[in-house]
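Participant: One structure follows; several queries about it will come next.
The values are calculated or read from the model by the stated rules, or taken from the named source; none is laboratory data. Treat the numbers as computed from the prediction; the structure is a model and nothing was measured. Neighbour counts run over all protein chains shown; Cβ positions are idealised from the backbone, glycine included. What goes into the accessible areas is simple: the full protein's heavy atoms, side chains included, and nothing from ligands, DNA or RNA. Shrake-Rupley method; radii C 1.70, N 1.55, O 1.52, S 1.80 Å.
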Amino acid sequence: MNFRPSARTWAIIGVVMAVVVVLGFRLASSFASGGSADGSAHDDHAAAVEGDHEEVMLYKLEGVAEGAISTALIREGSLDETIQVSGEVIPHPNNAASVSSLVTGRVSRLLVGVGDYVEAGATLALVESAEAAQAYAAYEEAKSRLALAEQDLRTTEALARAGVYTGKPVDEVRRERAAVASELAELRAEQEGDRSEAEAGVRAAEAALERAKSARDFAAAELKRETGLAQAGAIGHPPLDAARNEAADARADLATAHAARAAAGSELRRVEGLVKLGTASQRELDLARQADAEAQASVERAEAQVEIANRVLAREQKLLDEGVYASRATHGAETELAKAERDVQAQQAALDQAMSRLRTVTSAEKKAALSQTEARLAALDSMLDREKLVAREKLMVQEAVAQRKAAIARARVDLEAARRAVRLYKARPSGSGSISIPVVTPISGTVTTRPVKMGQTVHAGTDLFTVLDGSTLWVEMDVYEKHLPRIRVGQTVRLTSEDVRGWEHTTTVHHVAEELDKEKRTAKVRAELTDPSMRPGMFVKAELSVREGPSGLIVPIDALADEPTGHAVYIEWPDGQGWERHAVEVVARNAREALIIGPAAGEHVATKGLTLVQAAVKAQMAGGEGVAAGHGHEH
């Protein structure tokens with residue numbers, strides 16, 4: 001179907017074409033006169049930015065409360081790329097001290113409480129301690145020893161000057177000492193030998209008596225048995241088996257005695273060798289000899305017992321073989337019993353005699369004689385030492401003085417050690433005679449904890465206080481792993497707080513943790529904070545500058561006024577004369593600052609209270625109340 005326009009349609013087309021022609025003519029005229037309408041607007045904006053050929057208007061601001069408006073400087077610098085994270089203020093480990101007691105004791109005084117500020121070296125508490133009292137007593141004792149040593153030196157020097165160090169000739173003293181030493185050796189040998197011999201005699205007599213009693217008991221039992229057999233009408237014969245057993249036991253005892261004798265002899269030879277080497281005493285030698293004698297006596301007794309047992313066995317065997325034992329059994333048993341009784345009496349007499357001799361050789365008179373001789377020898381030894389020193393004349397005096405001086409030096413060392421202990425404890429004698437040790441803080445700061453009460457017993461090393469120096473704190477931030485490759489030590493960190501209005505602090509990254517939190521996927525980043533107004537546990541906002549951006553004029557984001565025609569800043573004139581509005585071009589921005597093209601660096605622009613300034617300026621602009629300020633100004 002063909003379409004043919006009507007007359008009405010052609011009329012409308014004609015009107016539109018006419019409008020287009022008119023607009024095209026005007027546009028051509030505009031370019032001919034210096035630019036298009038859009039170009040004219042761009043040039044006006046650029047002129048406003050650059051301040052060329054534009055009349056700057058100054059606007060007064062009245063009726064605004066003091067402090068309602070804050071300003072910031074336009075600075076030249078770079079617009080860094082930043083990362084924003086949250087952080088927490090924590091104590092600096094080098095600025096926190098756990099103050100403990102140096103000693104175990106009882107808390108006698110508490111001088112500060114939680115929240116108190118203390119200076120380094122201040123006493124926080126006193127602890128009464130027996131340990132400190134001992135240290136103080138050792139210090140006083142060391143002082144006394146030093147005083148005595150110094151007095152001894154002065155006395156020795158005075159005696160040397162007076163010629164006191166003279167006496168008998170050395171040879172005369174040596175001869176006298178040798179005689180007394182010989183006398184003492186003989187006396188000791190005599191007493192030791194007599195005593196050892198007497199003790200050995202007593203032990204041998206006791207053993208012989210016990211054997212005699214055993215033989216008597218055996219003889220009595222044998223007589224009783226034989227008498228019983230005779231009364232029963234039985235043919236009596238000796239207990240051959242018993243005799244054989246007795247002989248076997250006697251031989252076993254003899255073997256044991258020989259072994260003990262061999263061991264005692266070996267021990268005696270060993271001790272004699274040690275005595276010759278000077279590593280064993282005469283007392284040990286006497287004991288070894290005594291043990292050897294006892295072993296020899298045991299051998300002799302065992303041999304006698306074997307001989308007796310063999311004779312008995314032979315006799316019993318003979319009687320049995322001859323068939324005459326039955327008639328003589330009772331008579332033989334009576335004879336053996338009588339013999340055993342006589343042997344017991346003889347051994348008892350021997351034991352009494354041995355005991356009497358032992359009492360004689362260990363009498364008080366013998367001991368006194370030995371002690372007197374030893375005292376004489378000791379006196380001669382001392383005299384000989386002194387005479388040897390006298391023989392050396394000046395050398396003797398020098399050595400005596402040197403000894404006293406060495407004693408003084410040792411006393412001074414002991415005194416210094418005791419003084420250091422007392423100084424460490426900082427002991428204070430109290431009125432009750434005990435010693436109070438001050439608990440001293442090593443740093444200045446605020447007491448944050450005090451887990452101790454008056455009168456409480458504490459041990460050395462027990463934490464009594466925690467002191468925190470808040471002059472340097474740490475801000476610990478959690479940074480996600482995607483940002484970590486861009487974080488470096490030394491990068492700038494800007495801190496702000498939502499709880500403390502207007503607070504701001506600039507620091508640098510101090511540490512980046514090596515490990516990542518597996519659940520949060522973050523790492524700890526620390527920065528130092530040197531602002532005493534902040535406290536551990538407070539939270540802050542942190543802005544980390546991770547890369548340097550373009551350079552130019554930098555203003556805070558809060559200084560940019562968003563207006564229909566673009567962005568503007570409001571500059572304060574000196575002495576509060578007024579405010580002037582400047583259009584700016586924002587080149588780049590981050591969360592805190594913007595890079596602009598506009599006024600010169602060093603100008604003060606409104607930040608806090610910007611809306612008040614903006615509203616007042618707009619009102620004055622609408623009413624034509626501005627005052628011409630010329631083409632810029634200088635501050």
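Participant: When you scan region 579-596, how many residues do you find that are surrounded by 20 or more Cβ atoms within 10 Å (Cβ to Cβ) and either under 28 Å from Pro550 (Cα atoms) or of a type in the set (Gly, Ala, Ser) (or both)?
Facilitator: Start the filter on region 579-596 by keeping residues that are surrounded by 20 or more Cβ atoms within 10 Å (Cβ to Cβ), which leaves 579-584, 593-596.
If we keep only those that are either under 28 Å from Pro550 (Cα atoms) or of a type in the set (Gly, Ala, Ser) (or both) too, we end up with 580-584, 593-596.
The qualifying residues number 9.
Participant: Suppose the filter is modelled with pLDDT of 90 or more and part of a helix (DSSP H, G or I); does Ala243 pass it? Quick ask: steps written out before the conclusion?
Facilitator: Numbers: modelled with pLDDT of 90 or more: no; part of a helix (DSSP H, G or I): yes.
Judged against the criteria, Ala243 is not a match.
Participant: I would also like to ask the following. Could you please find all residues in region 246-291 being within 18 Å of Glu197 (Cβ to Cβ) and acidic (Asp, Glu)?
Facilitator: Hits for region 246-291 are Glu272, Glu284, Asp286.
Participant: Related question: Conditions: (1) among the aromatic types (Phe, Trp, Tyr); (2) open to solvent by less than 80 Å² (accessible area, probe 1.4 Å); (3) closer than 13 Å to Ile83 by Cβ. Tyr480 meets all but one. Number of the miss?
Facilitator: Unmet for Tyr480, out of (1) among the aromatic types (Phe, Trp, Tyr); (2) open to solvent by less than 80 Å² (accessible area, probe 1.4 Å); (3) closer than 13 Å to Ile83 by Cβ: (2).
Participant: If you take the residues of region 191-228 that are among the polar types (S, T, N, Q) and out of contact with any Leu (no Cβ under 7 Å at 6 or more places or on another chain), which of them is least open to solvent (accessible area, probe 1.4 Å)? Can you show your working first?
Facilitator: Filtering region 191-228 down to residues among the polar types (S, T, N, Q) leaves 191, 196, 214, 227.
Applying the additional criterion that residues be out of contact with any Leu (no Cβ under 7 Å at 6 or more places or on another chain) yields 196, 214, 227.
On the way: Ser196: 19, Ser214: 72, Thr227: 47 Å².
Checking each candidate, the answer is Ser196.
Participant: Name every residue in region 516-557 that is of a type in the set (Lys, Arg), touching a residue at least 12 places away in the same chain (Cβ under 8 Å) and part of a loop (DSSP other than H, G, I, E, B), in order of residue number. Lay out the reasoning, then the answer.
Facilitator: Restricting attention to region 516-557, the residues satisfying the condition of being of a type in the set (Lys, Arg) are 518, 520-521, 524, 526, 535, 541, 547.
Right, trim to touching a residue at least 12 places away in the same chain (Cβ under 8 Å) and you get 520-521, 524, 526, 535, 541, 547.
Selection gives Lys520, Arg521, Arg535.
Participant: Please determine whether any residue of region 280-296 is among the aliphatic types (A, V, I, L, M), farther than 30 Å from Thr335 by Cβ, open to solvent by less than 30 Å² (accessible area, probe 1.4 Å) and not in a helix (DSSP H, G or I). First the steps, then the outcome.
Facilitator: Taking region 280-296 first, the residues among the aliphatic types (A, V, I, L, M) are 280, 285, 287-288, 291, 293, 295.
Narrowing further to those that are farther than 30 Å from Thr335 by Cβ: 280, 285, 287-288, 291, 293, 295.
Next cut, open to solvent by less than 30 Å² (accessible area, probe 1.4 Å) only: 280, 285, 288, 295.
Filter once more, keeping what is not in a helix (DSSP H, G or I): 280.
Looking for residues that are among the aliphatic types (A, V, I, L, M), farther than 30 Å from Thr335 by Cβ, open to solvent by less than 30 Å² (accessible area, probe 1.4 Å) and not in a helix (DSSP H, G or I), one finds at least one in region 280-296, hence yes.
Residues checked against (1) open to solvent by 50 Å² or more (accessible area, probe 1.4 Å); (2) in contact with an Asp or Glu (Cβ under 8 Å, 6 or more places away or on another chain):
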| position | (1), (2) |
| --- | --- |
| Asp531 | no, no |
| Met534 | no, no |
| Pro556 | no, yes |
| Pro564 | yes, no |
| Ala568 | no, no |
| Gly598 | no, yes |
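Participant: Filter region 105-148 down to the residues that are assigned to a helix (DSSP H, G or I), buried (at least 19 other Cβ atoms within 10 Å of the Cβ) and among the aliphatic types (A, V, I, L, M) and list them by number.
Facilitator: Selection gives Ala132, Ala133, Ala135, Ala142, Leu146.
Participant: Looking only at region 53-69, decide whether some residue is modelled with pLDDT of 75 or more and open to solvent by less than 70 Å² (accessible area, probe 1.4 Å).
Facilitator: Of all residues in region 53-69, those modelled with pLDDT of 75 or more come to 68-69.
When the remaining residues are screened for being open to solvent by less than 70 Å² (accessible area, probe 1.4 Å), the result is 68-69.
Checking region 53-69: at least one residue is modelled with pLDDT of 75 or more and open to solvent by less than 70 Å² (accessible area, probe 1.4 Å).
Participant: Examine region 457-470 for a residue that is exposed (fewer than 14 other Cβ atoms within 10 Å of the Cβ) and assigned to a strand (DSSP E or B), and state whether such a residue exists.
Facilitator: Yes.
Participant: Another question about this same structure. In region 560-578, which residue that is of a type in the set (Asp, Glu) and farther than 30 Å from Arg547 by Cβ is modelled with the lowest pLDDT? Let's see the steps before the verdict.
Facilitator: As a first pass, look at region 560-578 and keep what is of a type in the set (Asp, Glu): 562-563, 572, 575.
Within this subset, residues satisfying the condition of being farther than 30 Å from Arg547 by Cβ are 563, 572, 575.
On the way: Glu563: 87, Glu572: 87, Asp575: 72.
Step by step, filter region 560-578, then rank; the result is Asp575.
Participant: Give region 600-617 a look and list any residue that's exposed (fewer than 14 other Cβ atoms within 10 Å of the Cβ) and of a type in the set (D, E, K, R), or say none.
Facilitator: none
Participant: Take the conditions modelled with pLDDT under 80 and either surrounded by 18 or more Cβ atoms within 10 Å (Cβ to Cβ) or out of contact with any strand residue (DSSP E or B) (no Cβ under 7 Å at 6 or more places or on another chain) (or both) and apply them to Ala364. Does it pass?
Facilitator: Numbers: modelled with pLDDT under 80: yes; either surrounded by 18 or more Cβ atoms within 10 Å (Cβ to Cβ) or out of contact with any strand residue (DSSP E or B) (no Cβ under 7 Å at 6 or more places or on another chain) (or both): yes.
So Ala364 passes the test.
Participant: Also, quick follow-up: Going through region 431-456 one residue at a time, which ones are hydroxyl-bearing (Ser, Thr, Tyr) and either open to solvent by 40 Å² or more (accessible area, probe 1.4 Å) or modelled with pLDDT of 90 or more (or both)? It would help to see each step written out before you state the result.
Facilitator: Within region 431-456, the subset hydroxyl-bearing (Ser, Thr, Tyr) is 432, 434, 436, 441, 444, 446, 448-449.
Hits for region 431-456 are Ser432, Thr441, Thr446, Thr448, Thr449.
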